[in-house]
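To keep things clear, I will list the structure first and then write my remarks on it.
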């Protein structure tokens, strides 16, 4: 090998080392989350399913991102107030928004001109099976409900919301006279059921399971095709030939047009947090693992489009 060839090879090798070092530095910088902190806006009050989900997974997300994640409750108008707040901020990925099927139904029922397409999906965490519940000396079985001759007062979160659509599907199929009572705060609704001011409520297993175990409420109807293994004595809507309403899910999103790399970092952080022991114990304790529900950003986006069309069909047929 000539001296010139040796010099050229050494020069080339040095260039490779410099390039590799530069790439490593750029990669490290790319992985550094650009926000000093993250605010997670939840459009419902404390104690509800969206609130407990956010507060249970937020510590793991904070650890994965390396910045604090603060959960802020901003209830109002079936989460529209919170969505307006998020979309009014910079689309930088530093503000999170709890997304549920309400973002689909709010749009379909004309509650808002905002669209779920104004958001960028980050991750769907779980599917939460819904049931109808009674309490106290009131309705003790689904037969009691279907035998009612006067309006049954049924509580749900939000007006013209996912909950109201579900209640309408079930009660219409059952042929039961009812009046829907909307709540912005799930805790108030639970208190009114236990206090006898409501006959019936719709809510998800994750929220109600502590009250079921404490004997405060009684599950009367599972909104599923078949009886749930965890509740073998509770009839399912499918076995009664009712239309089985769509199940509620919970996820996280950001304002649309957020930087793709930031969305990708958020997605990775949420997927990692969903596997932590603390969060998996939360899901097991709230029975959020009855149905596989975790989806990444791309699959979640596709699901939103499919479910929007499915909800459109439901609302147009009722």
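The values are calculated or read from the model by the stated rules, or taken from the named source; none is laboratory data. Everything numeric in this text was worked out from a predicted model, so none of it was measured. With ideal geometry, Cβ positions are generated from the backbone for all residues, glycine too; neighbour counts draw on all protein chains shown.
Structure notes:
- Yes/no for residue 45 being touching a helix residue (DSSP H, G or I) at 6+ places or on another chain (Cβ under 8 Å) and not assigned by TED's automatic domain parsing to the domain that holds residue 268: no
- Any hit, the range 272-295, residues being touching a strand residue (DSSP E or B) at 6+ places or on another chain (Cβ under 7 Å), at pLDDT 95 or above and more than 14 Å from residue 127 (Cα to Cα): no
- Qualifying residues in the range 143-163 (those that are in contact with a helix residue (DSSP H, G or I) (Cβ under 8 Å, 6 or more places away or on another chain) and not in a loop (DSSP other than H, G, I, E, B)) - the one surrounded by the most Cβ atoms within 10 Å (Cβ to Cβ): 157
- The range 160-175 residues that are over 16 Å from residue 109 (Cβ atoms), paired with ones that are part of a helix (DSSP H, G or I) (beta carbon under 6 Å, 6 or more apart): 174/146
- Inside the range 88-123, residues that are touching a helix residue (DSSP H, G or I) at 6+ places or on another chain (Cβ under 9 Å) and not in a loop (DSSP other than H, G, I, E, B) make up a count of 20.
- Residue within the range 135-154 that is outside the structural domain of residue 313 (by TED's automatic domain parsing), under 23 Å from the mean Cα position of the chain (by Cα) and touching a residue at least 40 places away in the same chain (Cβ under 8 Å) present: yes
- Residue in the range 164-195 that is nearest to the chain's Cα centre (by Cα), counting only those that are surrounded by fewer than 21 Cβ atoms within 10 Å (Cβ to Cβ) and over 27 Å from residue 316 (Cα atoms): 185
- Residues of the range 58-84 classified as outside any strand (DSSP E or B) and over 27 Å from residue 182 (Cβ atoms), total: 11
- Every residue from the range 88-122 that is modelled with pLDDT of 95 or more and either in the same structural domain as residue 196 (by TED's automatic domain parsing) or at positive phi (or both): 93
- Members of the range 234-264 that are under 30 Å from residue 168 (Cα atoms), surrounded by fewer than 21 Cβ atoms within 10 Å (Cβ to Cβ) and modelled with pLDDT of 95 or more: 234, 235, 236, 238, 239, 240, 241, 242
- Counting the residues of the range 213-233 that are loosely packed, with under 14 Cβ neighbours inside 10 Å and under 19 Å from residue 140 (Cα atoms) gives 5.
Residue by residue, here is whether (1) surrounded by fewer than 21 Cβ atoms within 10 Å (Cβ to Cβ); (2) in contact (Cβ under 8 Å) with a residue 24 or more places away in the chain; (3) in the same structural domain as residue 51 (by TED's automatic domain parsing) holds:
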position	(1), (2), (3)
266	no, yes, yes
269	no, yes, yes
281	yes, no, yes
285	yes, yes, yes
288	no, yes, yes
